[in-house]
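The values are calculated or read from the model by the stated rules, or taken from the named source; none is laboratory data. These numbers come from a predicted model, not from an experiment. With ideal geometry, Cβ positions are generated from the backbone for all residues, glycine too; neighbour counts draw on all protein chains shown.
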Ligand code: 13P
């Protein structure tokens, strides 16, 4: 089975003390991750090392830590930025790339995201590459083309042996933080479409290996249904990942 992943995206939330408490509660829960299951905590930069040391105490190595962004250049005079090389030097192996909030507030283009994907892979960091359409595209019925362009322009320069190592998160912008979730039919349909776009370029074997997570108002009470879709391989979770009891339920909802 493809990897099934519950990824928390804390965004710009929680104090250090709140973050420690949340991690303690989640990691202290009675969850046994199977070999094909991962839980990833995407945390603010100042919490990366603390989170890494907390998850390292887990006897099961299937808890991972991700950054929420990195810069597209190797190093240099970019005040306030964090490089992939720095993340690698902290033994951080995952990074969210192209979240819709960064696309919107930081004007990150598909071309820039291609550079970020490259620099992550050069530093042994798995990108969690986000795509997803705004409401107008969904209402116009062009969501499939919209996400296909995002994949093509940011990922399809990669050779097959690289793209097969990444994680994709489909996050419809109209569902993020709105309490509005894609229906299971909508999620399955577009996840299958994303896989078919990858298959058309790289072949079905490569497309079948890549986990495609759903993000956008995943909650404890809808995760099981969403994750049961054949092409939904878990979730990238914002708000509900800030509440221990909710995120624990979401982890338990992964395909067994
Ligand atoms: P919500 O789960 O709060 O809708 O956020 C989704 C998201 O943006 C995860 O990256």
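Yes or no, residue by residue, for (1) touching a strand residue (DSSP E or B) at 6+ places or on another chain (Cβ under 8 Å); (2) within 16 Å of the ligand (Cβ to nearest atom); (3) closer than 27 Å to residue 136 by Cα:
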site	(1), (2), (3)
156	no, no, yes
176	yes, yes, yes
214	yes, yes, yes
217	no, yes, yes
220	no, yes, no
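For residue 200, are the conditions met, namely being under 18 Å from residue 31 (Cβ atoms) and surrounded by fewer than 24 Cβ atoms within 10 Å (Cβ to Cβ)?
Values: under 18 Å from residue 31 (Cβ atoms): no; surrounded by fewer than 24 Cβ atoms within 10 Å (Cβ to Cβ): yes.
For residue 200, the condition - under 18 Å from residue 31 (Cβ atoms) and surrounded by fewer than 24 Cβ atoms within 10 Å (Cβ to Cβ) - is not met.
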> Is it fair to say residue 96 is within 16 Å of the ligand (Cβ to nearest atom) and buried (at least 21 other Cβ atoms within 10 Å of the Cβ)?
Replying inline: yes
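Has the range 56-63 got at least one residue that is in contact with a helix residue (DSSP H, G or I) (Cβ under 8 Å, 6 or more places away or on another chain), at pLDDT 95 or above, away from the ligand (no atom under 16 Å from the Cβ) and not in a strand (DSSP E or B)? Write out each step before concluding.
Filtering the range 56-63 for residues in contact with a helix residue (DSSP H, G or I) (Cβ under 8 Å, 6 or more places away or on another chain) gives 57-58, 63.
Filter once more, so that each one left must be at pLDDT 95 or above: 63.
From the residues that got through so far, the ones that are away from the ligand (no atom under 16 Å from the Cβ) too are 63.
Next, only the ones that are not in a strand (DSSP E or B) stay: none.
Looking through the range 56-63, none of the residues is in contact with a helix residue (DSSP H, G or I) (Cβ under 8 Å, 6 or more places away or on another chain), at pLDDT 95 or above, away from the ligand (no atom under 16 Å from the Cβ) and not in a strand (DSSP E or B).
Looking at the range 9-41, which of the residues that are part of a loop (DSSP other than H, G, I, E, B) and surrounded by 15 or more Cβ atoms within 10 Å (Cβ to Cβ) is farthest from the ligand (Cβ to nearest atom)?
Of the residues in the range 9-41, the ones part of a loop (DSSP other than H, G, I, E, B) are 10-15, 28-36.
Still in the list and also surrounded by 15 or more Cβ atoms within 10 Å (Cβ to Cβ): 10-11, 13-14, 31, 33, 36.
Details: 10: 9, 11: 7, 13: 10, 14: 14, 31: 20, 33: 20, 36: 22 Å.
Among them, the one singled out is 36.
Residue 241 - would you say it is without any contact (Cβ under 8 Å) to a residue 40 or more places away in the chain and in contact with a helix residue (DSSP H, G or I) (Cβ under 9 Å, 6 or more places away or on another chain)? Please lay out each step first, then the result.
On the way: without any contact (Cβ under 8 Å) to a residue 40 or more places away in the chain: no; in contact with a helix residue (DSSP H, G or I) (Cβ under 9 Å, 6 or more places away or on another chain): yes.
Judged against the criteria, residue 241 is not a match.
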>> Quick test of your reading of the structure: residue 85 fulfils all but one of (1) assigned to a loop (DSSP other than H, G, I, E, B); (2) farther than 28 Å from residue 228 by Cβ. Name the failing condition by number.
In response: (1)
> Considering only residues of the range 84-93 that are touching a residue at least 40 places away in the same chain (Cβ under 8 Å) and buried (at least 18 other Cβ atoms within 10 Å of the Cβ), which is farthest from the ligand (Cβ to nearest atom)?
Replying inline: 84
>> Any residue in the range 96-107 that is at negative phi sitting within a Cβ distance under 7 Å of a residue that is in a helix (DSSP H, G or I)? List the pairs, counting only those 6 or more apart or interchain.
In response: 97/113; 97/116; 97/117; 97/120; 100/173
> Which of the residues belonging to the range 117-145 are out of contact with any helix residue (DSSP H, G or I) (no Cβ under 8 Å at 6 or more places or on another chain) and either more than 25 Å from residue 182 (Cβ to Cβ) or within 14 Å of the ligand (Cβ to nearest atom) (or both)?
Replying inline: 118, 128
>> Go through the range 222-256 and report how many residues are part of a loop (DSSP other than H, G, I, E, B) and near the ligand (Cβ under 10 Å from one of its atoms).
In response: 1
